[in-house]
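**Q** Have a look at the structure that comes next, please.
The values are calculated or read from the model by the stated rules, or taken from the named source; none is laboratory data. This one's a predicted model, so the numbers in the text were calculated from it and none came from an experiment. Ideal geometry is used to build each Cβ from the backbone, glycine not excepted, and the neighbour counts take in all protein chains shown.
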């Protein structure tokens, strides 16, 4: 079982952002995508998730050997690929617990998406406590009036409850203090323990101090310019991206 991206070229609003990106992810594996601002990291995640407006001009995305390049995002989600946004938008009129319940029922094949499940309700309350998320937020409109940290915790709560096979985390550490980063890293570790493959996008190595990746890929200018193990993230933490973006780098 593998989530595979091969020779992916992607354009947004007619502008080419990704240039031949290739990578793969297996269940239980953690792959960190690092790079400076504007390198195409979020574009890669959105394209893998099938977000509208991200045009694949060449290459493909495969899930367990099946081409899903043109598959709608809803179907990708049902097949176990889920995305945690960097800055989740509010969803007025939809309670957080209601949203998770509907997704839970949909994934189980139930026609009644609103049907409550006592086990899930108990699990959501328990997860909220573990993540330091106020329980009352489960019964508030999704992300409406949530702080940045509460949005991040809410996203991780949803993922853990729904148990994806592949979790795409877009800068899960952005805007958080060190305690918040530790909480999100612990939640990501929980996903990995559930067997999920993690694709973590980040500028910095700080979250990777608390959840060590199996592999690190560096993306600059929409191209993969380096690959390695956890030591690559530590080197970038010390040196930054100068060797990839400075004079003589070829980027």
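**Q** So, in segment 101-120, exactly how many residues are more than 19 Å from residue 140 (Cβ to Cβ) and surrounded by 12 or more Cβ atoms within 10 Å (Cβ to Cβ)? Explain how you work it out, then say what you get.
**A** First, the residues of segment 101-120 that are more than 19 Å from residue 140 (Cβ to Cβ): 105-113, 115, 117-119.
Right, trim to surrounded by 12 or more Cβ atoms within 10 Å (Cβ to Cβ) and you get 105-107, 110, 113, 115, 117.
The total comes to 7.
**Q** Any idea how many residues of segment 159-172 are in contact with a strand residue (DSSP E or B) (Cβ under 8 Å, 6 or more places away or on another chain) and not in a loop (DSSP other than H, G, I, E, B)?
**A** Initially, segment 159-172 is screened for residues in contact with a strand residue (DSSP E or B) (Cβ under 8 Å, 6 or more places away or on another chain), giving 159, 162, 164-172.
Cutting the leftovers down to not in a loop (DSSP other than H, G, I, E, B) gives us 159, 162, 166-170.
Counting residues in segment 159-172 that are in contact with a strand residue (DSSP E or B) (Cβ under 8 Å, 6 or more places away or on another chain) and not in a loop (DSSP other than H, G, I, E, B) gives 7.
**Q** Need the failing condition index for residue 161 against (1) closer than 26 Å to residue 78 by Cα; (2) more than 14 Å from the chain's Cα centre (by Cα); (3) surrounded by 21 or more Cβ atoms within 10 Å (Cβ to Cβ), just the number.
**A** Result: residue 161 fails condition (3) only.
**Q** Among the residues of segment 52-72, is any in a helix (DSSP H, G or I) and either under 21 Å from residue 21 (Cα atoms) or in contact (Cβ under 8 Å) with a residue 60 or more places away in the chain (or both)? Even if it seems obvious, please write down each step before you answer.
**A** Let us first name the residues in segment 52-72 that are in a helix (DSSP H, G or I), namely none.
No, every residue in segment 52-72 fails to be in a helix (DSSP H, G or I) and either under 21 Å from residue 21 (Cα atoms) or in contact (Cβ under 8 Å) with a residue 60 or more places away in the chain (or both).
**Q** Could you tell me whether any residue of segment 85-97 is surrounded by 16 or more Cβ atoms within 10 Å (Cβ to Cβ), within 12 Å of residue 3 (Cβ to Cβ) and in contact (Cβ under 8 Å) with a residue 24 or more places away in the chain?
**A** Of segment 85-97, the ones surrounded by 16 or more Cβ atoms within 10 Å (Cβ to Cβ) are 85-86, 88, 95-97.
Add one more test, that the residue is within 12 Å of residue 3 (Cβ to Cβ), and what stays is none.
Checking segment 85-97: not a single residue is surrounded by 16 or more Cβ atoms within 10 Å (Cβ to Cβ), within 12 Å of residue 3 (Cβ to Cβ) and in contact (Cβ under 8 Å) with a residue 24 or more places away in the chain.
**Q** Okay, next question. Could you figure out which of (1) closer than 16 Å to residue 169 by Cα; (2) without any contact (Cβ under 8 Å) to a residue 40 or more places away in the chain; (3) surrounded by fewer than 19 Cβ atoms within 10 Å (Cβ to Cβ) isn't true of residue 26?
**A** (2)
**Q** Whether any residue in segment 31-38 is assigned to a helix (DSSP H, G or I) and at negative phi is what I want to check. Spell out how you get there, then give the answer.
**A** Start the filter on segment 31-38 by keeping residues that are assigned to a helix (DSSP H, G or I), which leaves none.
No, that holds for no residue.
**Q** Limited to segment 119-148, what total is found for residues that are within 18 Å of residue 88 (Cα to Cα), at pLDDT 95 or above and assigned to a helix (DSSP H, G or I)?
**A** Count: 5.
**Q** Report, by residue number, each residue of segment 73-95 that is in a strand (DSSP E or B) and farther than 20 Å from residue 200 by Cα.
**A** Taking segment 73-95 as the starting set, the residues that turn out to be in a strand (DSSP E or B) are 81-84, 91-95.
91, 92, 93, 94, 95 - these are the residues of segment 73-95 that are in a strand (DSSP E or B) and farther than 20 Å from residue 200 by Cα.
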